[in-house]
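A quick write-up on the structure given underneath.
The values are calculated or read from the model by the stated rules, or taken from the named source; none is laboratory data. This one's a predicted model, so the numbers in the text were calculated from it and none came from an experiment. We place every Cβ from the backbone using ideal geometry, glycine too, and count neighbours over all the protein chains shown.
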Amino acid sequence: MIRRAALLVAAMVALTAAHHALPVPEIGIVINGETLPLEPPPLLSGGILLVPVQRTVHALGLDFSAQGSSMTTHVGEKTVVLRDGSHVATVDGVRVFLDAPATRRNGVFYAPLRFFTAVLGAEATFNRRAHVVAIVSQLVGRSGLGDFTVGNRTVEVGTVTAVDVDSEPPTVTLSFNGSIRTIPISNNALITMHDVGVDVDVSGELTDIRPGDYAEIAVRRDGTVTSVVDEYGSRYGVVAVVNSNELLMQDGNVIAPDRDTEVSLNGKAAAFGDLLAGDRVTVRYNVETGEVREIVAERAAEPTSGQSGTASITDVGIDATHPLRSGDTLNVTMHGTPGGAATFDIGAYVEGIAMAERAPGTYVGSYDIAANANFADTPIVAHLQMQDGSTMQARAAQTLSASGRAPGISAVGPSDGAVVTLNSPAIYATFVTDAVPVNPSSIRLDVNGHDVTPECLRTAHFIQYLPQMTYRRGTIRVSVRVADEAGNTATKSWTFTIR
């Protein structure tokens with residue numbers, strides 16, 4: 001599981017204190033008399049219970065989609081929309097007020113019980129003594145098997161337990177509430193990978209789907225799969241402390257793997273106990289349960305050169321002076337014994353990239369950064385093999401960072417659609433990235449079309465504007481633009497109202 005050990009930036013404590021929520025221990029959710037093993041657990045915020053929305057509405061046989069800061073579901077012919085941070089849900093445009101704002105934690109939407117009663121038409125109670133949420137609903141379509149109907153399609157949902165790309169056709173196996181389903185995947189199915197950590201969608205392949213991810217598979221009535229949406233979370237950071245069963249990261253996150261967590265170090269299978277402080281890790285986790293499914297660790301080594309038999313490497317160099325993004329080209333040059341066969345690796349991410357001998361003893365190779373690239377401070381290792389069978393490898397003095405993903409704009413304040421009474425409200429946006437951090441000097445904030453960036457506090461994690469002026473009542477328009485150190489950009493616009 002992933003949790004926060006500490007908030008390292010005092011300003012962010014002030015910004016997030018109003019949203020602090022605690023997990024409720026050993027809580028159960030019962031729908032129409034059936035206990036569901038729903039994870040993650042509900043949250044208590046200010047004495048009000050917040051329930052995870054996606055798995056609950058799926059158990060009721062309803063669809064769920066999330067984009068940006070809003071989520072959508074359908075009850076019969078009615079469209080229900082809920083926004084992160086908002087006290088208001090809309091049903092076909094009609095506003096329904098909730099007793100607490102919806103909130104999003106690690107990509108998971110939570111809503112108060114009133115959302116399920118007043119908006120979805122269910123009966124819901126929370127027994128604090130028994131730690132049980134009971135929901136009774138007559139909603140059509142509830143199956144308990146992890147599927148629901150949308151138009152002429154059935155949507156199968158659940159945790160991925162297996163991906164078989166060698167079968168014909170290939171299959172994905174899902175688990176939901178103990179129900180196991182293996183679904184043949186059509187050749188032309190659209191596959192989308194959604195990383196909730198940075199709230200980014202990219203096109204994917206079946207090989208990108210991993211056991212432990214959460215997937216939604218749309219199936220037509222004739223059995224043809226039209227789309228697969230694979231959801232997962234990822235975090236990147238540097239290990240600060242290792243103990244027997246947890247990693248404390250430098251950003252304050254605590255990573256607690258379980259016995260099913262796969263661990264690799266510099267591209268090779270490893271044990272959790274092999275990890276050390278200073279290792280750079282990418283963690284992949286299930287967005288519904290928080291279970292850590294994979295830890296990919298990289299450990300830098302000192303640059304090396306030398307000789308083995310007739311194979312000799314003098315030096316290895318790269319031309320990247322900053323992090324790269326999708327479409328950029330990395331060029332690698334190695335000097336060594338002439339007349340050999342050479343390749344280079346980008347850590348464990350891309351291996352065996354061919355190098356050509358452009359001049360005696362000078363080998364060059366290149367690699368175009370892929371759209372799904374996401375690695376940091378990764379060693380570049382060159383290999384040289386001679387005709388007599390002798391081999392040599394050496395690392396470049398420089399490491400490489402690259403990302404094909406734009407930064408995520410994870411929270412804004414006041415939230416989109418919010419109504420505030422202050423005439424000078426604090427305005428902010430927070431950012432999340434994986435391998436490549438945000439460049440603070442790239443951040444720009446506009447309020448009502450005016451650039452207020454010079455008056456803002458900017459860091460790699462957030463921008464904060466404390467107006468020295470008062471705004472008139474009415475709608476306030478805000479936009480933020482941010483780029484990471486590789487040049488990937490993201491923008492977000494929203495409005496709030498002063499009354």
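Quick notes
- Counting only strands (runs of 3 or more DSSP E) wholly contained in region 61-115, the ones carrying 2 or more residues that are β-branched (Val, Ile, Thr) occupy 70-75, 78-83, 88-91, 94-97.
- Applying the set (1) over 30 Å from ALA483 (Cβ atoms); (2) surrounded by fewer than 17 Cβ atoms within 10 Å (Cβ to Cβ) to SER203 leaves exactly one unmet item: (1).
- Check on VAL412, surrounded by 15 or more Cβ atoms within 10 Å (Cβ to Cβ) and outside any strand (DSSP E or B): no
- Residue within region 384-395 that is farther than 30 Å from ALA311 by Cβ and either polar (S, T, N, Q) or not assigned by TED's automatic domain parsing to the domain that holds VAL239 (or both) present: no
- Residue among VAL350, VAL316 that is touching a strand residue (DSSP E or B) at 6+ places or on another chain (Cβ under 9 Å), among the aliphatic types (A, V, I, L, M) and at pLDDT 90 or above: VAL316
- Screening THR333, THR321, THR337 for residues that are exposed (fewer than 15 other Cβ atoms within 10 Å of the Cβ) and assigned by TED's automatic domain parsing to the domain that holds MET386 leaves exactly one candidate, THR321.
- Screening THR226 with (1) at pLDDT 85 or above; (2) within 23 Å of GLY290 (Cβ to Cβ); (3) part of a strand (DSSP E or B) gives one miss only, at (2).
- The one condition in (1) buried (at least 17 other Cβ atoms within 10 Å of the Cβ); (2) more than 21 Å from THR378 (Cβ to Cβ); (3) in contact (Cβ under 8 Å) with a residue 40 or more places away in the chain that TYR232 fails to fulfil: (2)
- Residues being at pLDDT 85 or above and acidic (Asp, Glu) - total across region 98-118: 0
- Search result, residues across region 419-438 that are of a type in the set (Gly, Ala, Ser) and surrounded by fewer than 19 Cβ atoms within 10 Å (Cβ to Cβ): SER424, ALA426
- Considering residues of region 441-467 that are assigned to a strand (DSSP E or B) and aliphatic (A, V, I, L, M) only, the residue farthest from VAL480 (Cα to Cα): LEU457
- Subset tally (residues that are among the hydrophobic types (A, V, I, L, M, F, W, C) and at pLDDT 90 or above) for region 353-379: 7
- Going through (1) under 21 Å from THR433 (Cβ atoms); (2) of a type outside the set (Val, Ile, Thr); (3) surrounded by fewer than 21 Cβ atoms within 10 Å (Cβ to Cβ) one by one, ALA359 falls short only on (1).
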